[in-house]
Amino acid sequence: MATFGRRGSALRTAKMAFRSRGFTLIELVIVVLIIAILAAIAVPAYTSYITKTRRNAASGCLAQYANYMERYYTTNLRYDKDTGGTAIALPVLDCASVAQTGDYYTYPFAAGQPTQSTYTILATPQGVQASRDTACGALALNQSGQRYYQSTSTDAAGLNTCWK
């Protein structure tokens, strides 16, 4: 009887050693499923965060262009030409470089701008930013500090969302 007890004990030990060798297929599938669910939640949230961050950087860049235009006006007493009569061309500021927002936004003047006493600068999304940021689209800023998004300045809720 003692021999039988040892044999039973040895079998139990062998079964436990066999079971503890690795993961079962079910356990592996459950882990993969949990990772897939977390990724399905995290990737869209991260994409939305990146889109908003790029938009905020573009609005900051518009402010830098507005500062440039005010310095230009102080020197030339008009927005459209310098004292020699040469039309203004916006320089590429550091904020609009490829390393900053240049891959995702362009910064042109609005149509018919600048005039002698007014300007409107746009931050137009391009590439992947244009496809992801359809709610706000192009941002704009004029000489009086008026903010626009998609050519409107009257939608307060939209302006608060797009110009955070």
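Screening segment 80-91 for residues that are crowded, with 16+ Cβ neighbours inside 10 Å and of a type in the set (A, V, I, L, M) and picking the one that is farthest from V128 (Cα to Cα) gives I88. Restricting the first member to segment 135-150 and to residues that are free of Cβ contacts under 8 Å to residues at least 40 places away in the same chain and farther than 18 Å from Y79 by Cβ, and the second to residues that are outside any strand (DSSP E or B) and charged (D, E, K, R), the beta-carbon pairs closer than 8 Å and six or more apart or on different chains are Y149/D155. Among the hydrophobic types (A, V, I, L, M, F, W, C), more than 17 Å from Y149 (Cα to Cα) and under 29 Å from the mean Cα position of the chain (by Cα) - does that describe any residue in segment 101-122? Checking segment 101-122: not a single residue is among the hydrophobic types (A, V, I, L, M, F, W, C), more than 17 Å from Y149 (Cα to Cα) and under 29 Å from the mean Cα position of the chain (by Cα). Restricting segment 49-79 to residues that are charged (D, E, K, R), under 25 Å from Q150 (Cα atoms) and surrounded by fewer than 19 Cβ atoms within 10 Å (Cβ to Cβ) leaves a set whose member that is nearest to the chain's Cα centre (by Cα) is K52.
Within segment 34-46, is there a residue that is closer than 30 Å to V92 by Cβ and either modelled with pLDDT of 95 or more or loosely packed, with under 10 Cβ neighbours inside 10 Å (or both)? Yes - at least one qualifying residue is present in segment 34-46.
Restricting attention to segment 120-151, which residues are of a type in the set (V, I, T) and surrounded by fewer than 12 Cβ atoms within 10 Å (Cβ to Cβ)? Result: T134, single match. When residues in segment 94-134 are screened for being hydrophobic (A, V, I, L, M, F, W, C), without any contact (Cβ under 8 Å) to a residue 12 or more places away in the chain and closer than 24 Å to Y79 by Cα, 1 of them pass.
If the condition is being outside any loop (DSSP other than H, G, I, E, B) and of a type in the set (G, A, S), then segment 77-135 contributes A87, A96, A123, A130, S131.
Taking the criterion of being touching a Lys or Arg at 6+ places or on another chain (Cβ under 6 Å) and polar (S, T, N, Q), the residues of segment 105-164 that qualify are Q116, Q129.
The values are calculated or read from the model by the stated rules, or taken from the named source; none is laboratory data. Since the model is a prediction, treat every value here as computed from it, not as a measurement. Every residue, glycine as well, gets a Cβ built from its backbone with ideal geometry; the counts of neighbours run over all protein chains shown.
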